[in-house]
Amino acid sequence: MTNLRLKSSALGLALILALTASFALMRTFAMAEAKVTQQLEFPVPALDVPAAVRHLRAALRFETTSYDDASSTEALEHFRAWLVGTYPRFHAATERTLVAGGTLIHEWRGTDAALEPIVLMAHQDVVPVPQPERWRQPPFSGAIVDGEIWGRGALDDKGSLIAILEAAESLLAAGHEPVRGVIFVFGHDEESGG
């Protein structure tokens, strides 16, 4: 009797797995339809690499440290003011909203409002430096040593933030208008769990 129940259970399980796999395959093929996209045609701006390096180095000098209980508000305010002065085209072309005491949201409207926007994200804050003496270079120096830029946030995540802004500023300088809107979200408390 138990042999019959075991065989029935195994057969039932196999049937359920086969149906699930069939359903998953049908959904995969239905969603994998090739969609032809129009090739983008706009002038490709020349990136000013020395300026981008200067901007990243300057951004790394702001001690925008997040702690478990708070962020460095004054440093973040100075950093945001620096961003406005450093990326004037970006700030003129986007609508800025400040939320949650420091997170920046910029909207660059596209020419086709029917298209959903894309989101680009980075964060302004960095983790604390409990033992700065262990760094080969001062953590907020933005020093260049052997072709590498040193500073807290160079990789996580001011490097991304500056790269995004450099790209947007360059596109704006070249006269680009996006078809699809772009929403930029630059958090201020990511490192403290925000």
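The values are calculated or read from the model by the stated rules, or taken from the named source; none is laboratory data. Note that the structure is a prediction, hence the values are computed from the model and not measured. All accessible areas refer to the heavy atoms of the entire protein, side chains included, with ligands and DNA or RNA removed. Shrake-Rupley method; radii C 1.70, N 1.55, O 1.52, S 1.80 Å.
Overview of results
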item: Computed log₁₀ I(q)/I(0) - Debye formula, equal Cα scatterers, no solvent, the range 89-194, q 0.21 Å⁻¹; result: -1.11
item: Per residue solvent-accessible surface (Å²) - the range 100-185, probe of 1.4 Å; result: 52 Å²
item: Rel. contact order, % - alpha carbon contacts under 8 angstrom, at least six apart, the range 116-180; result: 36 percent
item: Percent accessible area from carbon and sulfur atoms, the range 70-149, protein chains only, probe 1.4 Å; result: 54 percent
